[in-house]
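Undergrad: Please see the structure below; I have some questions.
The values are calculated or read from the model by the stated rules, or taken from the named source; none is laboratory data. What you see is a predicted model; the values in this text were computed from it and never measured. Here the Cβ positions follow ideal geometry from the backbone for every residue, glycine too, while neighbour counts run over all protein chains shown. Please note that ligands, DNA and RNA were not included when accessible areas were found on the heavy atoms of the full protein model with its side chains. Shrake-Rupley method; radii C 1.70, N 1.55, O 1.52, S 1.80 Å.
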Amino acid sequence: MSPIRTAILSTPRSGTHFLQSIFDRRPDTVTYGELNLATNKHIPERKRKQLLNILNNSITDEMKKNTMLVFIWNSDFHTKKASEVPSHVFDKTILLQRKNKLHQYTSFKIAQKTNNWVGCVSKGKIVLSLSEFKTFLQKSQAVYEQYRKCISDYTEVFYEDLCDTDKLKGIMQGIDDFTGVEKLDYSKLEETPKSLFVKKQQIRPIPEIIINYQDFEQYDKEIIF
């Protein structure tokens, strides 16, 4: 029996690696990273081939040892990218997004500026463009609308809820029900070496990060698409 192929569809800085690290705690699940990087020359050739095998609908004997395979498709805010999602690869899809788009945008711009995308805590400050942020909101909305059009079987999850210890157990068990895997108590599972690398990169209040915060204060609230 082939494993359940579950995709995390999202946009950058939405917590994909955080959710992936939670799945890494499952003994019957393996995570394969970002499928959209399968043709990226900057990742190791071995990893590209592995991702391409999944894209080409190939399930190897090694993969069959698991109940579920989890991988990421991270759209880059260009709506045409979302339409290229290889939906034929998915059995189940998790639509992951952030409620607070200003926090996501700030994290995205700092990661672009520093080229630190995973595990490195940021200590700097940044000036943001209000017009560029408004464009970001429009593109983000368009991407998720396109996701919903091209994927029929999905569940929606928010990063902020995953970070809430009171909600985490219920959300993950809801995902277990949706994907059809054994329901586990994630709060009691031991962390694995793969899951330990995930650290929050922004732990300071957002007004301490954005130098011209007064321009964005009205947007510092939950904006859900």
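Undergrad: Please give the number of the condition Val89 fails out of (1) open to solvent by 10 Å² or more (accessible area, probe 1.4 Å); (2) modelled with pLDDT of 80 or more.
TA: If we test Val89 against (1) open to solvent by 10 Å² or more (accessible area, probe 1.4 Å); (2) modelled with pLDDT of 80 or more, just (1) comes out false.
Undergrad: Can you find a residue that is within 14 Å of the chain's Cα centre (by Cα), among the hydroxyl-bearing types (Ser, Thr, Tyr) and within 23 Å of Gln146 (Cα to Cα) anywhere in segment 34-43?
TA: no
Undergrad: Take the residues in segment 195-225 that are of a type in the set (Val, Ile, Thr) and open to solvent by 100 Å² or more (accessible area, probe 1.4 Å); name whichever of them is modelled with the lowest pLDDT.
TA: Among those residues, the one meeting the criterion is Ile203.
Undergrad: Another question, then. Which of the numbered conditions does Ala38 fail, given that it passes all the others? Conditions: (1) out of contact with any strand residue (DSSP E or B) (no Cβ under 9 Å at 6 or more places or on another chain); (2) open to solvent by less than 20 Å² (accessible area, probe 1.4 Å); (3) closer than 14 Å to Glu191 by Cβ; (4) free of Cβ contacts under 8 Å to residues at least 60 places away in the same chain.
TA: Unmet for Ala38, out of (1) out of contact with any strand residue (DSSP E or B) (no Cβ under 9 Å at 6 or more places or on another chain); (2) open to solvent by less than 20 Å² (accessible area, probe 1.4 Å); (3) closer than 14 Å to Glu191 by Cβ; (4) free of Cβ contacts under 8 Å to residues at least 60 places away in the same chain: (3).
Undergrad: Within segment 131-171, how many residues are within 19 Å of Asp91 (Cβ to Cβ), surrounded by fewer than 17 Cβ atoms within 10 Å (Cβ to Cβ) and of a type in the set (Val, Ile, Thr)?
TA: Counting residues in segment 131-171 that are within 19 Å of Asp91 (Cβ to Cβ), surrounded by fewer than 17 Cβ atoms within 10 Å (Cβ to Cβ) and of a type in the set (Val, Ile, Thr) gives 1.
Undergrad: Given the options Thr11, Thr114, name the one that is hydroxyl-bearing (Ser, Thr, Tyr) and open to solvent by less than 10 Å² (accessible area, probe 1.4 Å).
TA: Thr11
Undergrad: I've got another one for you. Any residue at all in segment 63-77 that's out of contact with any strand residue (DSSP E or B) (no Cβ under 7 Å at 6 or more places or on another chain) and of a type in the set (Gly, Ala, Ser)? If you could, list the steps in order and put the result at the bottom.
TA: To start, the set of residues in segment 63-77 that are out of contact with any strand residue (DSSP E or B) (no Cβ under 7 Å at 6 or more places or on another chain) comprises 64-65, 75-77.
Retained after the next criterion (residues that are of a type in the set (Gly, Ala, Ser)): 75.
Yes, segment 63-77 has at least one match.
Undergrad: Report every pair of residues separated by at least 6 positions or lying on different chains whose Cβ atoms are under 7 Å apart, first residue within segment 45-68 and over 24 Å from Arg25 (Cα atoms), second exposed (fewer than 10 other Cβ atoms within 10 Å of the Cβ) and not β-branched (Val, Ile, Thr).
TA: Here the result reads Asn57/His88, each pair linking segment 45-68 to a residue that is exposed (fewer than 10 other Cβ atoms within 10 Å of the Cβ) and not β-branched (Val, Ile, Thr).
Undergrad: Among the residues of segment 173-194, is there at least one that is modelled with pLDDT of 80 or more and either under 16 Å from the mean Cα position of the chain (by Cα) or closer than 16 Å to Thr16 by Cβ (or both)?
TA: Yes, there is a match, as at least one residue in segment 173-194 is modelled with pLDDT of 80 or more and either under 16 Å from the mean Cα position of the chain (by Cα) or closer than 16 Å to Thr16 by Cβ (or both).
Undergrad: Condition check: within 23 Å of Ile224 (Cα to Cα), of a type outside the set (Phe, Trp, Tyr) and not in a loop (DSSP other than H, G, I, E, B). Does Leu19 satisfy that?
TA: So Leu19 fits the description; yes.
Undergrad: Shifting gears a bit: When the residues of segment 1-15 are filtered to those that are of a type in the set (A, V, I, L, M, F, W, C) and more than 10 Å from Ile72 (Cα to Cα), which remaining residue is modelled with the lowest pLDDT?
TA: Ranking the qualifying residues of segment 1-15, first place goes to Met1.
Undergrad: Here's a follow-up. Residue check: is Val127 open to solvent by 90 Å² or more (accessible area, probe 1.4 Å) and touching a residue at least 24 places away in the same chain (Cβ under 8 Å)?
TA: yes
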